[in-house]
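Okay, so here's the structure we're looking at.
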Amino acid sequence: MRKITHIFAIFSVGFFAASNTSMAGEKPIGDPVEKNGMEIAAVYLQAITMEPTEPMSGRKDIHLEADIHAVKGNKNGFGEGEWIPYLEISYKMGKVGSDWSTHGSFMPMIAADGLHYGANVALDGPGEYTLDYEIIPPTRNGLYRHSDKETGVGIWWAPFHVEWTFKFLGAGKKGSY
């Protein structure tokens, strides 16, 4: 009986993990980048409905996200795995082999899988794209830091960029995740 229970538990955990992954529908864009005490990951899924309502000017193909969390040893006072708040993040995308491009800013938001920065974005159909995130430290949005010897944390980094190239084949059918 114990063996059956153990097998059932393993199956259940595997099934739950697989179903959650497919429900989210997130597609990674390249590998995460570790920089300035953070792990920066780019992902996309189908365009989503947000609240408060985002001004929708035309069609949006994807919901583009910047998932940014502290790594172990972060010098700015964040624990490993904690989401980094108050960042200002902008994106630029271009379609390889064409002059098509777009750009915009991310908004902080929360979803079933946690806090992230995101925006709905229109693309130029299937193809290969370049993606550039500019990440500006939290001081621009009013997050102060202790700087004294006893309670202080590390100074904020200078604004920086991270880049990826990825193939977009389509976001799939809405609701299929």
Residue by residue, what Karplus-based ³J(HN,Hα) values in Hz, rounded to whole numbers, does segment 108-115 have, using 6.51, -1.76 and 1.60 with θ = phi - 60° and x for Gly and Pro?
x, 7, 10, 9, 4, 9, x, 6
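Counting other Cβ atoms within 10 Å, which chymotrypsin sites (Phe, Trp or Tyr not before Pro) in segment 94-176 have at most 12 and lie in a DSSP loop? Mind showing how you got there, number by number?
Values: sites: Trp100, Phe106, Tyr117, Tyr129, Tyr133, Tyr144, Trp156, Trp157, Phe160, Trp164, Phe166, Phe168; in loops: Trp100, Phe106, Tyr144, Trp156, Trp157.
When the chymotrypsin sites (Phe, Trp or Tyr not before Pro) of segment 94-176 are filtered for loop state and at most 12 Cβ neighbours within 10 Å, Tyr144 remain.
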Could you tally the net charge around Leu123, taking each other residue with its Cβ under 10 Å from the Cβ of Leu123, Lys/Arg +1 and Asp/Glu -1?
+1
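Filter the cross-link list Lys27/Lys95; Lys27/Lys92; Lys27/Lys75; Lys72/Lys149 down to pairs whose alpha-carbon distance in this structure exceeds 26 Å.
Working: Lys27/Lys95 18 Å; Lys27/Lys92 18 Å; Lys27/Lys75 30 Å; Lys72/Lys149 21 Å.
Over 26 Å apart, Cα to Cα: Lys27/Lys75.
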Each label sits 7 Å from Cα toward the beta-carbon; between Arg145 and Ala111 the label points are separated, in nm, by 2.9
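Read-outs: derived from the displayed coordinates by stated rules, not from any lab. What you see is a predicted model, and the numbers here were worked out from it, not measured in a lab. No Cβ is skipped: glycine too gets one built from the backbone with ideal geometry, and neighbour counts run over all protein chains shown.
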